[in-house]
Amino acid sequence: QLNKHLDIFEFLRVEDEKEFAARLHVMERIDYTNAVKMTDVLQRKTAYTGAYVHLISLLYHCLLLPVDDPHYDKYWRLIDRMVQQAVIQQDHGIDPDISPLPINIHKLVLHLLHEDEQRTLIKQMEDIKRAQEHMLLRLKKMEWECERTTMERDAHRSTAEKLRTQLDTKIQIIGKQKEKELDMEGQVAKTTKQVNELRIRCDQLEARLKEKNVDLLLRLKK
């Protein structure tokens, strides 16, 4: 009868192993007495998930446990029972008939979720703070560029006013020169007219003088 019970137990154990291996997407049978093979399965199971970093951290800190500590095996028993509690405890922290450790895993997971949310919020706040600092830097840069543009505009306006003043001065000088030229042209025209009139009078006097000379010669001949 005892052998029959043992055979049934072994059969159920093998079936459980097959089901567990299928859930892990592992085709071969898992040897639960081989730490290397189980570690390999865990690595493949968590390799592309967020749990991988925690697996590495767990293994690392397990390696740091002091072997010469008199409570060394108790540390491992505590870790073992905590993991067992996480595996067998049902939803909302309900324990089966046997509880390896009186811990409400559901509450702990909710606490971790809350911790993750806090980290997300802190990260978002830091991102917003960095964005604000970036915007402030951009605003200061824009203010500096605006001030520089205003200074350049004022400088250009001052230069334009100086050029306008110089241009007005040159226009006035050119206007005065034109007035002088027109006045000189008028004087030249007047002088030319006077010269022409004097030339006509000279021609007239010369003609009268010739007539008198002719009359004088005719008288002398008589």
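The values are calculated or read from the model by the stated rules, or taken from the named source; none is laboratory data. In this text, all values refer to a predicted model and were calculated from it rather than measured experimentally. Positions of Cβ are backbone-derived with ideal geometry, glycine not excepted, and every protein chain shown enters the neighbour counts. Please note that ligands, DNA and RNA were not included when accessible areas were found on the heavy atoms of the full protein model with its side chains. Shrake-Rupley method; radii C 1.70, N 1.55, O 1.52, S 1.80 Å.
Check Trp144 against each of (1) closer than 30 Å to Ala51 by Cα; (2) among the hydrophobic types (A, V, I, L, M, F, W, C); (3) at pLDDT 85 or above and name the one condition it does not meet.
(1)
Could you pull out the residue among Asp95, Asp68, Asp73 that is over 47 Å from the mean Cα position of the chain (by Cα), modelled with pLDDT of 85 or more and open to solvent by less than 90 Å² (accessible area, probe 1.4 Å)?
Asp73
Would you confirm, using the coordinates I've provided, whether Tyr32 is open to solvent by 60 Å² or more (accessible area, probe 1.4 Å) and either charged (D, E, K, R) or at pLDDT 85 or above (or both)? Break it down stepwise before answering.
Details: open to solvent by 60 Å² or more (accessible area, probe 1.4 Å): yes; either charged (D, E, K, R) or at pLDDT 85 or above (or both): no.
In short, no.
Only one of (1) open to solvent by less than 100 Å² (accessible area, probe 1.4 Å); (2) closer than 23 Å to Leu113 by Cα fails for Lys45. Which number is that?
Every listed condition holds for Lys45 apart from (1).
Find all pairs meeting these conditions: Cβ atoms under 6 angstrom apart; at least six residues apart or on different chains; first residue within the stretch 69-89 and within 17 Å of Leu58 (Cβ to Cβ); second residue surrounded by 12 or more Cβ atoms within 10 Å (Cβ to Cβ) and of a type in the set (A, V, I, L, M).
That search, which allows pairs on different chains as well, returns Tyr75/Leu65; Arg81/Leu101; Met82/Leu101; Gln85/Leu101; Gln85/Ile103; Gln85/Ile105; Ala86/Ile105.
Please give the number of the condition Ala51 fails out of (1) within 22 Å of Lys107 (Cα to Cα); (2) exposed (fewer than 10 other Cβ atoms within 10 Å of the Cβ).
Just one mismatch for Ala51, condition (2).
Got at least one residue in the stretch 122-141 being surrounded by 10 or more Cβ atoms within 10 Å (Cβ to Cβ) and either touching a residue at least 12 places away in the same chain (Cβ under 8 Å) or among the hydroxyl-bearing types (Ser, Thr, Tyr) (or both)? Reasoning before the result, please.
Restricting attention to the stretch 122-141, the residues satisfying the condition of being surrounded by 10 or more Cβ atoms within 10 Å (Cβ to Cβ) are 122-141.
Those still in the list that are either touching a residue at least 12 places away in the same chain (Cβ under 8 Å) or among the hydroxyl-bearing types (Ser, Thr, Tyr) (or both) too: none.
The answer is no, given that none of the residues of the stretch 122-141 is surrounded by 10 or more Cβ atoms within 10 Å (Cβ to Cβ) and either touching a residue at least 12 places away in the same chain (Cβ under 8 Å) or among the hydroxyl-bearing types (Ser, Thr, Tyr) (or both).
Show the residue pairs meeting these rules: Cβ distance below 6 Å; 6+ apart or different chains; first residue within the stretch 182-201 and open to solvent by 90 Å² or more (accessible area, probe 1.4 Å); second residue modelled with pLDDT under 85.
Matching pairs, first to second residue: none at all.
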